Amino acid sequence: MKRVSITKAFLSILIVLSIIIGGAIAFIFINPNVLGLLSSDGRVTISIDDYNNLIELYDRYGKAEIIRKDIKNTFYKEVDDDALNTAMLKGLVAGTEDIYSGYYTEDEYNELMVSLSGEYDGVGMTMTQNENGYIEVLAVTKNSPAAQAGVGIGEFIIKVNGETYDANSMDLCAAAIRGKKGTTVKVTFIKDGQEIEREFTRAHITTDTVEYEMLEGGIARIAISSFENATSKDFKAALDAAKDAKALVIDLRDNPGGLVDSAIEIADELMDNATVVYIEDHNGNKDYYKTGDGKTWTKPFVVLINENSASASEIFAAGIQDNKVAPIVGAVSYGKGIIQSLEQLSDGSAIKLTKWQYFTPSGKMINKIGVTPDYMVEAVEGKDAQLEKAIELLNK
């Protein structure tokens with residue numbers, strides 16, 4: 001095997017780079033003395049292949065190490081190494097120009113996971129990244145501090161306790177809003193073009209994502225505010241309570257989405273052996289989400305959506321529509337049809353990366369397009385025209 005000699009100083013630079021970017025370099029490079037590869041003149045002998053790999057690493061990230069050293073040696077005050085490394089990793093992901101992707105420190109990751117539990121201390125708002133770079137309020141939890149303060153869907157959040165946030169830092173914004181029950185937080189919104197600062201007293205928020213009621217004429221209504229861990233279980237309980245109803249309205253209006261698996265589990269109660277949605281990566285590889293056999297609801301139903309129905313709620317509605325199981329009523333949905341993977345790294349940090357796009361069973365794209373209802377009904381002030389249309393269809 002051909003081998004090449006490099007200086008110990010050059011090797012040290014490559015090791016630093018590998019540590020910063022999390023690259024894997026063999027143990028003999030980190031401690032070459034162990035195998036006696038360090039010669040008396042301060043050179044290390046390695047294989048040609050390993051040398052080429054190290055050169056590629058240096059060419060790609062050598063400038064970052066030069067800048068890091070310059071900052072450490074000449075910046076006017078002390079700089080934390082961890083802060084520099086974190087900023088570089090965040091910048092690497094930011095280079096995708098995707099507002100839904102990001103790098104998270106271990107603490108940031110732990111805060112992010114709290115939001116998926118459906119139970120936390122905060123003010124009761126669900127947010128999304130707006131394509132224009134804003135953090136947009138997508139849903140407000142009933143009876144929460146946010147609801148009591150009059151926060152409306154569609155308002156933009158720009159500051160928390162005076163610190164500015166945008167779409168790229170939405171998860172950090174959410175973490176700043178959360179906090180111990182009884183403490184206060186100031187949030188600055190943009191509403192109708194005007195800045196409004198509201199002060200909230202944080203409370204314990206329990207998100208009951210399923211709401212059931214019986215309407216006149218023997219029609220049941222089940223509203224799903226988001227798809228969380230307990231949503232499918234709660235939906236099944238509501239469906240059981242509605243077993244004597246002649247028909248059902250499933251209300252997904254203002255539902256910002258959530259866990260796709262939860263949406264598929266609910267679809268499984270409504271249709272047999274059907275493709276709900278499929279995802280496709282940049283290589284064209286497809287993965288299909290399907291329901292099984294043995295649906296529990298066999299009577300007529302209608303699904304309601306509006307412009308704030310997003311992500312998993314759009315997947316659900318599109319699957320129902322494409323399989324011609326039930327009509328969709330309302331307004332064109334939000335149009336978030338991409339999916340992110342959230343992967344925790346060995347040091348506790350994590351990376352969230354957009355890897356797939358959603359497509360309806362018939363191949364229609366959802367992202368930036370949305371789901372168009374079978375019956376377009378705009379919201380009317382003073383009455384629920386969309387629900388009225390659903391009831392009309394079920395009474396035919």
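Among the residues of the stretch 328-350, the ones that are farther than 28 Å from Asn308 by Cα and either touching a strand residue (DSSP E or B) at 6+ places or on another chain (Cβ under 6 Å) or open to solvent by less than 50 Å² (accessible area, probe 1.4 Å) (or both) come to 4 in all.
For the stretch 369-387, a residue qualifies if it is surrounded by 13 or more Cβ atoms within 10 Å (Cβ to Cβ) and of a type in the set (A, V, I, L, M), and the qualifying residues are Ile369, Val371, Met376, Val377, Ala379, Ala385, Leu387. Exactly one residue out of Tyr104, Tyr134 is crowded, with 17+ Cβ neighbours inside 10 Å, closer than 30 Å to Lys69 by Cβ and aromatic (Phe, Trp, Tyr), and it is Tyr104.
Restricting attention to the stretch 265-283, the residues that are among the aliphatic types (A, V, I, L, M) and either under 15 Å from Thr209 (Cα atoms) or open to solvent by 40 Å² or more (accessible area, probe 1.4 Å) (or both) add up to 1. Using the structure shown, decide if Lys355 is part of a strand (DSSP E or B), among the charged types (D, E, K, R) and touching a residue at least 24 places away in the same chain (Cβ under 8 Å). Spelling it out, Lys355 is indeed part of a strand (DSSP E or B), among the charged types (D, E, K, R) and touching a residue at least 24 places away in the same chain (Cβ under 8 Å). Which one is nearest to Asp347 (Cα to Cα), of the residues in the stretch 44-89 that are exposed (fewer than 11 other Cβ atoms within 10 Å of the Cβ) and among the basic types (Lys, Arg)? In this case the residue turns out to be Lys63. The number of residues in the stretch 106-126 that are at pLDDT 90 or above and under 16 Å from the mean Cα position of the chain (by Cα) comes to 1.
One line per residue, one yes/no per condition, for (1) touching a residue at least 24 places away in the same chain (Cβ under 8 Å); (2) open to solvent by 10 Å² or more (accessible area, probe 1.4 Å); (3) more than 22 Å from Gln321 (Cα to Cα); (4) not β-branched (Val, Ile, Thr):
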residue	(1), (2), (3), (4)
Met214	yes, yes, yes, yes
Gly218	yes, yes, yes, yes
Ser225	yes, yes, no, yes
Leu252	yes, no, no, yes
Gly258	yes, yes, no, yes
Ala263	yes, no, no, yes
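Checking each residue in the stretch 297-322 for being open to solvent by 10 Å² or more (accessible area, probe 1.4 Å) and more than 22 Å from Asp272 (Cβ to Cβ) picks out Asn306, Glu307, Asn308, Ser311.
Within the stretch 227-250, the set of residues being surrounded by fewer than 21 Cβ atoms within 10 Å (Cβ to Cβ) and either charged (D, E, K, R) or in contact with a His (Cβ under 9 Å, 6 or more places away or on another chain) (or both) comprises Lys233, Asp234, Lys236, Asp240, Lys243, Asp244, Lys246. Every condition in (1) in a loop (DSSP other than H, G, I, E, B); (2) more than 29 Å from Leu92 (Cβ to Cβ); (3) touching a helix residue (DSSP H, G or I) at 6+ places or on another chain (Cβ under 6 Å) is met by Phe235 except one, and the failing one is (1). Restricting the stretch 227-241 to residues that are touching a residue at least 40 places away in the same chain (Cβ under 8 Å) and of a type in the set (A, V, I, L, M), the residue that is farthest from Ala312 (Cα to Cα) is Leu239.
Give just the number: which of (1) surrounded by fewer than 18 Cβ atoms within 10 Å (Cβ to Cβ); (2) in contact with a Lys or Arg (Cβ under 8 Å, 6 or more places away or on another chain); (3) in a strand (DSSP E or B) does Val187 not satisfy? Single failed check for Val187: (1).
Yes/no matrix, rows are residues, columns are (1) basic (Lys, Arg); (2) in contact with a helix residue (DSSP H, G or I) (Cβ under 6 Å, 6 or more places away or on another chain); (3) surrounded by 14 or more Cβ atoms within 10 Å (Cβ to Cβ):
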{"site": "Lys290", "(1), (2), (3)": "yes, no, yes"}
{"site": "Lys295", "(1), (2), (3)": "yes, no, yes"}
{"site": "Lys324", "(1), (2), (3)": "yes, no, no"}
{"site": "Lys352", "(1), (2), (3)": "yes, no, yes"}
{"site": "Thr360", "(1), (2), (3)": "no, yes, yes"}
{"site": "Lys389", "(1), (2), (3)": "yes, no, yes"}
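The values are calculated or read from the model by the stated rules, or taken from the named source; none is laboratory data. A quick note: this is a predicted structure, and the numbers were derived from the prediction, not measured. Heads up, the Cβs are rebuilt from the backbone with ideal geometry, glycines too, and the neighbour counts pull from every protein chain shown. The area values use the complete protein model at the heavy-atom level, side chains included, leaving out ligands, DNA and RNA. Shrake-Rupley method; radii C 1.70, N 1.55, O 1.52, S 1.80 Å.
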